[in-house]
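Structure first, commentary second.
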Amino acid sequence: MEPFDPAELPELLKLYYRRLFPYAQYYRWLNYGGVTKNYFQHREFSFTLKDDIYIRYQSFSNQSELEKEMQKMNPYKIDIGAVYSHRPSQHNTVKLGAFQAQEKELVFDIDMTDYDDVRRCCSSADICSKCWTLMTMAMRIIDRALKEDFGFKHRLWVYSGRRGVHCWVCDESVRKLSSAVRSGIVEYLSLVKGGHDVKKKVHLSEKLHPFVRRSINIIKKYFEEYALVGQDILENKENWDKIVALVPETIHDELQKGFQRLHSSSQRWEYLRKVISTPQNMKNDKCGPWLEWEIMVQYCFPRLDINVSKGINHLLKSPFSVHPKTGRISVPIDFQKVDQFNPFTVPTISAICRELDVVSTNEKDKEEHEAESESKHRVRDYKKTSLAPYVKVFEQFLENLDKSRKGELLKKSDLQRDF
């Protein structure tokens, strides 16, 4: 992908906000069909400008006001907050305590740095194709639960632009949930618990909750390729000691001796599975198949930032924002192709601005050679760049929201007709 030079960012952002940002779709999303009066007008936006200047409580009357402001400010980052009781831009004029966050999408933030204790290829802000599988598993596990366990229909997955993913659950009923209910949902979805000082972060028993069982079935599809081959989690003593520390002491010696003799992570994993399930070891109630599951979950299960999901007024980076360090756009992810999603092929702002330049130059040449026909309608600029397929994914999501809204309205009018 196009190399990105942060020094060029101010100029690139000007072009991006002037010609490439998909304002119409963006407004269509956050306006939610205009069903609730002032829904868009009461939404908080926050802009981070050059040199980390941070402006909260921005709000806009309509799409054109949002466009003008974004083109004036050229924010380095855009965050979306809650829908408030009053216009956020007037929050200072509202009497104390009256200005309240009322609704927001249920959001999830999964960040690769939270997996630093279990990934060997990279650490902190770095990612590679080996550890990206963690994000793929996380999206599959969380999305399945939101859809099947909770019945949430409208889930938008978005790449953060650097090292993680976000999920926006946009169903009408979900946007109204209290903070306590949101906490309950995140709690349900969390299995890995404890900070840096806690070695064993997962505790399961033989009787698995269906959510846990289904999540483990998803991990199983990726485990060998990801953990045993890619991460090579049992490659040497330093690494296998971390795994031995997660099982009862009574089998430590047996595992250490066996691991010394064997030659690969896959062989050592098979050996561990055998040891924990021998009748002799299963007698003492401390050993059983759940030990294998606990390790798989600790190494592969999604790690959610609970606070992001819990608070209604919590801000989260907006789709189509630009990451100021990588230059990558925060693009929606096509969930049908989640396994093929590659963060390294996501368009950078420099790439799409260059693509637009090339197209514009070609079009100018053409215009000089052809008399323009008046009726020719202008193709949206983003459609001429590699941002186009990602906007399409977003439009498909909006289409489903619209259908669902129309369905609800029909249901309501039918019910009223029955009386």
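The values are calculated or read from the model by the stated rules, or taken from the named source; none is laboratory data. Predicted model only: the values in this text are computed from it and were never measured. Neighbour counts run over all protein chains shown; Cβ positions are idealised from the backbone, glycine included. The protein model used for the area step is the full one, side chains on, heavy atoms only, and it has no ligands, DNA or RNA in it. Shrake-Rupley method; radii C 1.70, N 1.55, O 1.52, S 1.80 Å.
Of the conditions (1) modelled with pLDDT of 95 or more; (2) within 30 Å of PRO248 (Cβ to Cβ); (3) assigned to a loop (DSSP other than H, G, I, E, B); (4) open to solvent by 60 Å² or more (accessible area, probe 1.4 Å), HIS196 satisfies every one except a single condition; which number is it?
So the condition that HIS196 fails would be (1).
Of everything in the stretch 149-174 that's touching a helix residue (DSSP H, G or I) at 6+ places or on another chain (Cβ under 8 Å) and in a helix (DSSP H, G or I), which residue is most open to solvent (accessible area, probe 1.4 Å)?
Here the answer is GLU172.
Kindly indicate whether GLN298 is part of a helix (DSSP H, G or I) and touching a residue at least 60 places away in the same chain (Cβ under 8 Å).
Details: part of a helix (DSSP H, G or I): yes; touching a residue at least 60 places away in the same chain (Cβ under 8 Å): yes.
So GLN298 fits the description; yes.
Filter the stretch 3-44 down to the residues that are closer than 30 Å to PHE99 by Cα and among the basic types (Lys, Arg) and list them by number. So that I can check it myself, show each step before the final result.
Going through the stretch 3-44, the residues closer than 30 Å to PHE99 by Cα turn out to be 23-44.
ARG28, LYS37, ARG43, listed by residue number.
Determine if the stretch 282-292 includes at least one residue that is hydrophobic (A, V, I, L, M, F, W, C) and within 30 Å of GLN340 (Cβ to Cβ). Outline the logic, then answer.
Going through the stretch 282-292, the residues hydrophobic (A, V, I, L, M, F, W, C) turn out to be 282, 287, 290-291.
Subsequent filtering for residues that are within 30 Å of GLN340 (Cβ to Cβ) retains none.
Within the stretch 282-292, none of the residues are hydrophobic (A, V, I, L, M, F, W, C) and within 30 Å of GLN340 (Cβ to Cβ).
Considering only the stretch 318-337, how many residues are assigned to a strand (DSSP E or B) and either of a type in the set (Ser, Thr, Tyr) or open to solvent by 10 Å² or more (accessible area, probe 1.4 Å) (or both)? Reasoning before the result, please.
As a first pass, look at the stretch 318-337 and keep what is assigned to a strand (DSSP E or B): 322, 328-329, 332.
Then drop every residue that is not either of a type in the set (Ser, Thr, Tyr) or open to solvent by 10 Å² or more (accessible area, probe 1.4 Å) (or both), which leaves 328.
Residues in the stretch 318-337 being assigned to a strand (DSSP E or B) and either of a type in the set (Ser, Thr, Tyr) or open to solvent by 10 Å² or more (accessible area, probe 1.4 Å) (or both): 1 in total.
Which of the residues that make up the stretch 256-294 are of a type in the set (A, V, I, L, M) and either closer than 18 Å to LYS199 by Cα or surrounded by fewer than 19 Cβ atoms within 10 Å (Cβ to Cβ) (or both)?
Our first condition is that a residue be of a type in the set (A, V, I, L, M); within the stretch 256-294, this holds for 262, 272, 275-276, 282, 291.
Correct list: LEU262, VAL275, MET282, LEU291.
If you scan the stretch 2-29, which residues turn out to be over 17 Å from LYS392 (Cα atoms), of a type in the set (A, V, I, L, M, F, W, C) and either touching a strand residue (DSSP E or B) at 6+ places or on another chain (Cβ under 6 Å) or open to solvent by less than 10 Å² (accessible area, probe 1.4 Å) (or both)?
PHE4, LEU9, LEU13
Between a first residue in the stretch 278-292 that is under 15 Å from SER205 (Cβ atoms) and a second residue that is among the polar types (S, T, N, Q) and surrounded by 13 or more Cβ atoms within 10 Å (Cβ to Cβ), which pairs have beta carbons less than 8 Å apart while being 6 or more apart in sequence or on different chains?
So the pair list comes out as CYS287/SER277; CYS287/ASN281; GLY288/SER277; PRO289/SER277.
Of the residues LYS193, LYS199, which is of a type outside the set (A, V, I, L, M), out of contact with any strand residue (DSSP E or B) (no Cβ under 9 Å at 6 or more places or on another chain) and closer than 22 Å to LYS310 by Cα?
Details: LYS199 fails: closer than 22 Å to LYS310 by Cα.
Only one candidate qualifies: LYS193.
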